[in-house]
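What follows is a short report on a single structure.
Every number here is computed from the coordinates shown, using simple stated rules; none is lab data. Keep in mind that this is a model prediction, so the values were computed, not measured. Using ideal geometry, Cβ is built from the backbone for each residue, glycine included, and neighbour counts are taken over all protein chains shown.
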Amino acid sequence: MKLLDVIAAVLVIIGGLNWGLIGLFDLNLVATIFGGADSGLARLIYVVVGVSAAYQAIQFKGIQTRWDSTAA
């Protein structure tokens, strides 16, 4: 489960950085790299990042428990 937590966290960070670039510079890096915002691959990336965010939100307490080094 910890590997899934890390993958989801990395994808959420990528999504956050992409949104930051959109807000600051009007640059959608995912769309730029993968051939436009409407390309199939870019849309897949958006979906995977969204699912990762949902996983992080739903599993928030479980993630805290798994990563708590003081938990028995």
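Just a few scattered comments:
- Helix 40-58 vs. the chain, principal-axis angle (Cα, 0 to 90°, nearest 10): 30
- Helical contribution to [θ] at 222 nm, DSSP H n ≥ 4, -39,500 (n - 2.57), averaged over the chain, rounded to 500: -25000 deg cm²/dmol
- Gain upon complete extension [Arg66, Ile7; 0.36 nm per residue less C-alpha separation]: 19.8 nm
- Each eigenvalue of the Cα gyration tensor of the chain, multiplied by 5 and square-rooted, gives one semi-axis; in descending order these are 29, 13, 8 Å.
- Taken about its Cα centre, the chain carries a charge dipole of about 220 debye when Lys and Arg each add +1 at the Cβ and Asp and Glu each add -1 at the Cβ.
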